[in-house]
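The structure appears below as structure tokens.
The values are calculated or read from the model by the stated rules, or taken from the named source; none is laboratory data. Quantities reported herein were computed from a predicted structural model and do not represent experimental measurements. Positions of Cβ are generated from backbone atoms using ideal geometry, with glycine treated the same way; all protein chains shown enter the neighbour counts.
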Amino acid sequence: MTSRDGSVVGEQPVAQEAADPGRAPALDTISVGDRYDVHVGAGALARLTPWVTGGRRVMVVHQPGRTELVAEVTELVSAAGGQPFTHEVPDAEAAKDVSVLAGAWAALGQAAFTRDDLVVGVGGGAVTDLAGFVAASWLRGVDVIQLPTSLLGVVDAAVGGKTGINTAEGKNLVGAFHEPRAVLCDPAWMASMSRPDLVSGLAEVIKCGFIADPVILDLVEADPAAACDPSAPVMTELVARAVRVKAEVVEGDLKEAGIREILNYGHTFAHAIEQVEDYRWRHGDAVAVGMVFAAELAVRAGVLDPAVLARHRAILESVGLPTTYAGADWDDLRTAMARDKKARGATLRFIVLTDVGSTQRLEGPGEELLLEAFGAIAPGG
Ligand SMILES: NC(=O)c1ccc[n+]([C@@H]2O[C@H](COP(=O)([O-])OP(=O)(O)OC[C@H]3O[C@@H](n4cnc5c(N)ncnc54)[C@H](O)[C@@H]3O)[C@@H](O)[C@H]2O)c1
Ligand SMILES: [Zn+2]
């Protein structure tokens with residue numbers, strides 16, 4: 001990949017291979033087509049240097065609480081000859097608000113930010129979504145580099161080019177496709193995450209295992225505790241593998257058609273839980289239950305071996321993710337699923353597995369089948 005100043009970025013021998021053969025490299029690089037690279041592992045931050053030279057202005061958009069990393073970023077930018085300035089935004093979903101977007105535009109205007117300058121997003125998925133949209137909209141598009149600090153942020157939000165904010169009417173209703181120039185993530189940044197947030201992000205990693213990369217499942221099964229530990233070497237491999245799955249899916253399919261929908265495995269039912277729970281459930285927790293629901297449907301539709309369904313429950317429970325749900329009536333969940341933007345009219349669509357690593361679409365499953373699957377995810381069901 002070539003940076004704006006023509007230097008070649010990301011094609012250096014990436015991995016400082018660990019001495020132990022067979023072990024994952026300390027720093028892994030995943031290319032999303034020929035468009036940008038995702039650097040995962042120790043030392044990822046250094047990959048920012050080539051992008052921030054030559055007096056380039058760099059707006060570092062960040063959440064409260066990531067102060068050490070933000071200081072490291074600004075020091076690196078200054079040392080490389082760039083001109084950093086920080087822009088703190090409110091935490092979590094409060095960042096994805098039109099008033100916050102307007103505040104960022106004001107800061108860019110005051111800094112006389114030009115088309116040659118760079119936005120850097122530092123934080124969870126909420127910040128990378130906002131920073132991406134700020135970059136997409138300023139002067140009709142400036143460069144953005146994402147530094148996701150949460151597990152969900154790196155394996156999902158920061159990769160793929162979807163950016164956006166919320167409105168009073170709903171989440172992510174306003175946005176743009178705007179790919180980053182690079183994504184950098186050192187799992188050490190996640191050390192301060194709460195365990196429930198980290199484990200929730202792990203649901204998306206496990207999802208990538210079921211839809212495309214069985215090695216992810218093997219790694220989690222071999223040591224579930226290490227899979228929940230950002231300092232464990234396996235975390236870099238899990239993140240890199242999940243990013244590779246997402247990268248391969250979005251590569252040929254930026255605008256959501258076709259295979260990108262396999263990333264929605266477990267999400268039809270998950271979105272229904274999130275709606276009826278008023279977004280008090282963590283996204284990954286809802287996805288965990290949604291995957292079990294989809295696997296129950298697949299078994300009942302006769303396309304999936306019950307052993308793979310059992311594997312869903314075992315692996316999700318081994319890291320402390322939920323696999324049952326009894327918080328609402330079927331009717332409310334059914335209505336919520338029909339409202340989901342991914343549904344086509346009244347017909348429900350599910351991505352289901354026919355095996356690990358192999359998916360198909362299940363269109364309009366019968367009401368009886370749905371109800372049976374719902375019964376099976378009730379506690380003790
Ligand atoms: N663009 C996409 O394709 C895409 C995909 C999935 C999710 N998303 C978006 O991502 C957001 C969810 O991501 P998220 O879970 O990272 O949310 P988030 O950014 O709200 O982070 C969750 C919480 O974790 C904190 N946090 C982040 N990194 C931390 C760290 N290293 N240590 C301690 N605390 C940390 C945040 O401050 C916040 O309080 C949602 O807004 C969702 O819409 C976008
Ligand atoms: Zn998701």
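Conditions (1) modelled with pLDDT of 95 or more; (2) under 21 Å from Glu169 (Cα atoms), marked per residue:
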{"position": "Ala272", "(1), (2)": "yes, yes"}
{"position": "Val289", "(1), (2)": "yes, no"}
{"position": "Asp332", "(1), (2)": "yes, yes"}
{"position": "Lys342", "(1), (2)": "no, yes"}
{"position": "Leu369", "(1), (2)": "yes, no"}
{"position": "Ala378", "(1), (2)": "no, no"}
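Please go through (1) more than 9 Å from ligand 1 (Cβ to nearest atom); (2) buried (at least 21 other Cβ atoms within 10 Å of the Cβ); (3) farther than 27 Å from Asp340 by Cα for Arg140 and return the number of the only condition it doesn't satisfy.
Exception for Arg140: condition (2).
Scanning for something away from ligand 2 (no atom under 16 Å from the Cβ) and in a helix (DSSP H, G or I), does the stretch 147-161 turn up at least one residue?
no
Being under 18 Å from Ile165 (Cβ atoms), within 16 Å of ligand 1 (Cβ to nearest atom), modelled with pLDDT of 95 or more and assigned to a helix (DSSP H, G or I) is true for just one of Ala94, Ala102, Ala71, Ala106. Which residue is that? Steps first, please.
Working: Ala102 fails: within 16 Å of ligand 1 (Cβ to nearest atom); Ala71 fails: under 18 Å from Ile165 (Cβ atoms); Ala106 fails: within 16 Å of ligand 1 (Cβ to nearest atom).
After applying the criteria, what remains is Ala94.
Being within 19 Å of Gly357 (Cα to Cα) and surrounded by fewer than 21 Cβ atoms within 10 Å (Cβ to Cβ) is the filter here, so list the residues in the stretch 265-298 that pass it.
Matches in the stretch 265-298: none.
Any idea which of (1) within 16 Å of ligand 2 (Cβ to nearest atom); (2) closer than 15 Å to Gly209 by Cβ; (3) at pLDDT 95 or above is the one Val308 doesn't satisfy?
For Val308, the failing item is (1).
Could you check the stretch 143-161 and list, in sequence order, the residues that are among the charged types (D, E, K, R) and more than 8 Å from ligand 1 (Cβ to nearest atom)?
Asp143
Condition (residue is outside any strand (DSSP E or B) and at pLDDT 95 or above) applied to the stretch 27-42: is it met by at least one residue?
yes
Across the stretch 289-337, what is the number of residues that are among the β-branched types (Val, Ile, Thr), over 21 Å from Leu362 (Cα atoms) and touching a residue at least 60 places away in the same chain (Cβ under 8 Å)?
2
Just to be sure before I move on: is Cys228 more than 16 Å from ligand 2 (Cβ to nearest atom) and not β-branched (Val, Ile, Thr) in the structure I sent?
So Cys228 fits the description; yes.
It is to be established whether one or more residues within the stretch 324-339 are polar (S, T, N, Q) and under 30 Å from Asp229 (Cβ atoms).
Scanning the stretch 324-339 turns up at least one residue that is polar (S, T, N, Q) and under 30 Å from Asp229 (Cβ atoms).
For Asp186, state whether it is within 16 Å of ligand 2 (Cβ to nearest atom) and either closer than 21 Å to Thr29 by Cα or crowded, with 20+ Cβ neighbours inside 10 Å (or both).
On the way: within 16 Å of ligand 2 (Cβ to nearest atom): no; either closer than 21 Å to Thr29 by Cα or crowded, with 20+ Cβ neighbours inside 10 Å (or both): yes.
In short, no.
Among the residues of the stretch 207-222, is there at least one that is of a type in the set (Asp, Glu) and under 20 Å from Ala286 (Cα atoms)?
Checked the stretch 207-222: no residue is of a type in the set (Asp, Glu) and under 20 Å from Ala286 (Cα atoms).
Give the residue, chosen from Gly82, Gly164, Gly132, Gly124, that is near ligand 1 (Cβ under 9 Å from one of its atoms) and either modelled with pLDDT under 95 or farther than 30 Å from Val234 by Cα (or both). Before you say what the answer is, go through the steps one by one.
Values: Gly82 fails: near ligand 1 (Cβ under 9 Å from one of its atoms); Gly132 fails: either modelled with pLDDT under 95 or farther than 30 Å from Val234 by Cα (or both); Gly124 fails: either modelled with pLDDT under 95 or farther than 30 Å from Val234 by Cα (or both).
Only one candidate passes the filter, namely Gly164.
Looking at (1) under 26 Å from Asp278 (Cβ atoms); (2) out of contact with any Gly (no Cβ under 6 Å at 6 or more places or on another chain); (3) small (Gly, Ala, Ser), which is the one condition that is false for Gly121?
(1)
Going through Val276, Val245, Val199 one at a time, which residue ends up being within 16 Å of ligand 2 (Cβ to nearest atom) and touching a Leu at 6+ places or on another chain (Cβ under 7 Å)?
Val199
So Val174 passes all but one of these: (1) touching a residue at least 60 places away in the same chain (Cβ under 8 Å); (2) more than 24 Å from Gly65 (Cα to Cα); (3) not in a strand (DSSP E or B). Which condition number does it fail?
Here Val174 clears every test but (3).
Would you confirm whether or not the stretch 203-210 contains a residue that is under 27 Å from Lys162 (Cα atoms) and away from ligand 1 (no atom under 16 Å from the Cβ)?
Scanning the stretch 203-210, I find at least one residue that is under 27 Å from Lys162 (Cα atoms) and away from ligand 1 (no atom under 16 Å from the Cβ), so the answer is yes.
If a residue must be small (Gly, Ala, Ser), in contact (Cβ under 8 Å) with a residue 24 or more places away in the chain and on the phi < 0 side of the Ramachandran plot, how many such residues does the stretch 95-139 contain?
Count: 13.
Which residues, counting only those in the stretch 260-273, are among the hydrophobic types (A, V, I, L, M, F, W, C) and within 11 Å of ligand 2 (Cβ to nearest atom)?
Result: Leu263, Ala270.
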